[in-house]
Amino acid sequence: MSVAISRWQHPPKIISLASGQVHLWRFRLDLPVSDIISLRDCLSPDESVRAERLLIPEKQQQFIIARATLRKILSCYLDKKPSAIEFSYG
């Protein structure tokens, strides 16, 4: 089994996942407020409501960063806009 570990990098525009392959992503949760503001546009309405319910500002910012970054990464695999991705819960 071959394992390739790379340095921090931005994802390419479109990514493919081959059979038997796993991609592991990591990202920071401590971005500047100016970056967090732009990430809010990626969230769904229900995610925005969930973020607003978090009373601790640091936790609210981390939630926004995590959900928006998840959407951005998935958008590379699905070739969709991050805001167009729909999740089902249940």
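What tally of residues in region 32-75 results from selecting those that are open to solvent by 90 Å² or more (accessible area, probe 1.4 Å) and of a type in the set (Lys, Arg)? Can you show your working first?
Filtering region 32-75 down to residues open to solvent by 90 Å² or more (accessible area, probe 1.4 Å) leaves 37, 41, 45, 50, 52-53, 55-56, 58-59, 72.
Those left that are additionally of a type in the set (Lys, Arg): 50, 53, 59, 72.
Looking only at that region, the number is 4.
Could you please give the count of residues in region 11-35 that are closer than 15 Å to Ala66 by Cβ and under 12 Å from the mean Cα position of the chain (by Cα)? Lay out the reasoning, then the answer.
Filtering region 11-35 down to residues closer than 15 Å to Ala66 by Cβ leaves 25-31, 35.
From the residues that got through so far, the ones that are under 12 Å from the mean Cα position of the chain (by Cα) too are 25-29.
Residues flagged as closer than 15 Å to Ala66 by Cβ and under 12 Å from the mean Cα position of the chain (by Cα) within region 11-35 amount to 5.
Answer with yes or no whether Ser2 is open to solvent by 70 Å² or more (accessible area, probe 1.4 Å), at pLDDT below 85 and among the hydroxyl-bearing types (Ser, Thr, Tyr). Full working, then the answer.
On the way: open to solvent by 70 Å² or more (accessible area, probe 1.4 Å): yes; at pLDDT below 85: yes; among the hydroxyl-bearing types (Ser, Thr, Tyr): yes.
So Ser2 passes the test.
Restricted to region 36-62, and to residues there that are within 16 Å of the chain's Cα centre (by Cα) and among the β-branched types (Val, Ile, Thr), the residue that is nearest to Lys72 (Cα to Cα) is Ile36.
The values are calculated or read from the model by the stated rules, or taken from the named source; none is laboratory data. From a predicted model like this one, the values you see are computed outputs, not experimental measurements. All Cβ positions, glycine included, derive from the backbone under ideal geometry; neighbour counts span all protein chains shown. Just the protein is used for accessible areas: all its heavy atoms, side chains included, with ligands, DNA and RNA removed. Shrake-Rupley method; radii C 1.70, N 1.55, O 1.52, S 1.80 Å.
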